[in-house]
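Peer 1: Below is the structure I would like to discuss, written out as structure tokens.
The values are calculated or read from the model by the stated rules, or taken from the named source; none is laboratory data. None of the values given here were measured: they were computed from a predicted structure. Positions of Cβ are backbone-derived with ideal geometry, glycine not excepted, and every protein chain shown enters the neighbour counts.
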Amino acid sequence: MAYKGVAVAAATAVAVVGTIAYLDHVRTSDPEYRKKVKARKAAAREAKIAALAALKEKAKAEAEAAKAEAAEAAASSDKDAVGAFFVAQMQAGQEALNKGDLDGCATHFANAVTVSETPIDILVYLKQSIPEELFSLMVKKIDPEVLRDKYFDNFPGEDTGLRVEPTDIKYKQNCMFAVKDFAEGDVFHTEKPFLSALLPDMDPAGYCGLCAIVITDVVPCAQNCGQEFYCSTDCRDVAFGSHHAILCSGAKFSDPTDPMAMLVAHTKSTGRKEVLMVGKALAQVFNPKPVRDCTADIAHLSFDEPLPAPNEMVKKEFALLLPVLTAKVEQAEQILTLDSYTAMLSKIKRNAIPFTTHPNPKGLMVKSGHAVYLAGSFMNHSCDPNVKISFVKKTNQIQYTARKAIKAGDEVCFAYNGFSMKKTEERRAELKKAFAFDCMCGKCVPEVPQPKLSMEHLEKKLAEQKKATENMKNKSTPSPEQKAEDELE
Ligand SMILES: [Zn+2]
Ligand SMILES: [Zn+2]
Ligand SMILES: [Zn+2]
């Protein structure tokens, strides 16, 4: 992915190389000598470029072939063949890494994750053992459907007492279930958003661009852009390392013809926040060195209805956002189409939760922005929810509290738009407008079945997964006896 950071590094390299060349020039100013050296260097450089290109092509073809094989292996019922393929891909990844072929390495590791029966273990292992940049590159190569089915199937971890499981109820695919009992009033989970935006009409200098808290000591962006301000240097650095590196216009922001300045002016005049949220999401995906990689988090966001056709406003906003991204990411134009923009917009619209961080002059807490949360985006809406959400320490960090007693196996749901006392039809119309779905909760449609997780079924599934992990570990690290046996053969 092309990125200005790379260009800056290249410019620095050119400057350093330039200085050395100048010193060389002082030493050997014979014109013939210089001509000969120049020709020799050019020939050597061309040969090197050609060799590198050939190597790259070869590695790419190999990795592509392996990818096709991975899809085939994943669909295969021959467990031994899948296991052998997994081990081979892990080894090929390691070899590519040793050669410095990061792209090939990422492809092979992604193939291994794709076929693995316990991808969460592999992902956790890789996350700890390979460089952040390589991990991020690898995650981008894993099919989002695989991530959705496998990675999040195991999310969000045993200790939370929560679990995402698919259901056979048509309009609800993956649901968040409690796997232990919670008493009324239990705070069972808190999390920070992976995407957050203040309301467009709010003064950016008044609220932190990351955690949304009311700022007491203003910390500006290090590039002094004036687009975002922060409550602390920590928030500033995390914001820059996630979305702001791509979106920051620096001093150019004060020029009204700057693409980002035009985009912000549009959100202010229309009061529409969606385009900025999509921009922040894409900026995180495009960021080659994110402080926290949320590509997988964004990839799982669901929107199950057919995508709406983009209206004139959506087309206009897409046209405003594209130059902002292409200014830093050359390939954005090829990657981002009106269709993919509309898809991302629908997903964010469906999953963004309004948050409150401060009171109005009358002392009532008021909406200050919208954010998307990982666990939160797996929880369905209910008009009679068993979970209440609130925000921690006047920031956009969310907290989930049991509104009533929750039993293991119950689906956990909260009210996306806040608890409403309105009539059913009115409530459903509001939800449809704000979140683009027809509410099928037990209160709206009492006759439809609600999801329930069988704990017996879950225990059986977990035992099988554990066994598969053990098998996989035994396969990838042969016992000393087996090693000796292999050597004899
Ligand atoms: Zn902050
Ligand atoms: Zn900035
Ligand atoms: Zn409902």
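Peer 1: For segment 385-406, enumerate the residues that are assigned to a loop (DSSP other than H, G, I, E, B) and over 13 Å from PRO354 (Cα atoms).
Peer 2: PRO385, ASN386, ARG403, LYS404, ALA405
Peer 1: Give the residue, chosen from CYS225, CYS211, CYS221, that is in contact (Cβ under 8 Å) with a residue 60 or more places away in the chain and away from ligand 3 (no atom under 16 Å from the Cβ).
Peer 2: Values: CYS225 fails: in contact (Cβ under 8 Å) with a residue 60 or more places away in the chain; CYS221 fails: in contact (Cβ under 8 Å) with a residue 60 or more places away in the chain.
Sole residue among the options that is in contact (Cβ under 8 Å) with a residue 60 or more places away in the chain and away from ligand 3 (no atom under 16 Å from the Cβ): CYS211.
Peer 1: When you scan segment 378-408, how many residues do you find that are surrounded by fewer than 16 Cβ atoms within 10 Å (Cβ to Cβ) and among the β-branched types (Val, Ile, Thr)?
Peer 2: 1
Peer 1: Before we move on, is ALA197 touching a strand residue (DSSP E or B) at 6+ places or on another chain (Cβ under 9 Å), within 16 Å of ligand 2 (Cβ to nearest atom) and not hydroxyl-bearing (Ser, Thr, Tyr)?
Peer 2: Yes.
Peer 1: Please tell me if GLY250 is within 15 Å of ALA197 (Cβ to Cβ) and either β-branched (Val, Ile, Thr) or away from ligand 3 (no atom under 16 Å from the Cβ) (or both).
Peer 2: No; evaluated as a whole, the condition is false for this residue.
Peer 1: From the residues in segment 223-257 that are aliphatic (A, V, I, L, M) and either within 16 Å of ligand 1 (Cβ to nearest atom) or not assigned by TED's automatic domain parsing to the domain that holds ALA327 (or both), which one is nearest to MET277 (Cα to Cα)?
Peer 2: So the residue we want is ALA239.
Peer 1: How many residues are closer than 27 Å to SER346 by Cβ and near ligand 2 (Cβ under 10 Å from one of its atoms) when one looks only at segment 249-273?
Peer 2: Summing the residues that are closer than 27 Å to SER346 by Cβ and near ligand 2 (Cβ under 10 Å from one of its atoms) in segment 249-273 gives 1.
Peer 1: Would you be able to tell me the number of residues in segment 200-231 that are at pLDDT 95 or above, more than 16 Å from ligand 2 (Cβ to nearest atom) and within 22 Å of ILE348 (Cβ to Cβ)?
Peer 2: Within segment 200-231, residues that are at pLDDT 95 or above, more than 16 Å from ligand 2 (Cβ to nearest atom) and within 22 Å of ILE348 (Cβ to Cβ) number 2.
Peer 1: Given the conditions (1) more than 20 Å from ARG427 (Cβ to Cβ); (2) more than 16 Å from ligand 1 (Cβ to nearest atom); (3) touching a Gly at 6+ places or on another chain (Cβ under 9 Å), report the number of the one that SER377 does not fulfil.
Peer 2: SER377 satisfies all of (1) more than 20 Å from ARG427 (Cβ to Cβ); (2) more than 16 Å from ligand 1 (Cβ to nearest atom); (3) touching a Gly at 6+ places or on another chain (Cβ under 9 Å) except (3).
Peer 1: Out of everything in segment 150-173 that is in a helix (DSSP H, G or I) and among the acidic types (Asp, Glu), what residue ends up being modelled with the lowest pLDDT?
Peer 2: It comes out as GLU158.
Peer 1: Starting from segment 357-381, keep only residues that are outside the structural domain of LYS273 (by TED's automatic domain parsing), then list their pairs with residues that are within 16 Å of ligand 1 (Cβ to nearest atom) and assigned to a helix (DSSP H, G or I) whose Cβ atoms are within a distance under 6 Å, requiring at least 6 positions of separation or different chains.
Peer 2: So the pair list comes out as THR357/LYS394.
Peer 1: Got at least one residue in segment 425-448 being assigned to a strand (DSSP E or B), more than 16 Å from ligand 1 (Cβ to nearest atom), hydrophobic (A, V, I, L, M, F, W, C) and in contact with a Ser or Thr (Cβ under 7 Å, 6 or more places away or on another chain)?
Peer 2: no
Peer 1: Considering only segment 316-370, state which residues are part of a loop (DSSP other than H, G, I, E, B), crowded, with 19+ Cβ neighbours inside 10 Å and among the aliphatic types (A, V, I, L, M).
Peer 2: VAL329, LEU336, ALA352
Peer 1: Of the numbered conditions (1) at pLDDT below 70; (2) more than 16 Å from the chain's Cα centre (by Cα), LEU147 satisfies every one except a single condition; which is it?
Peer 2: Only one criterion is unmet by LEU147, namely (2).
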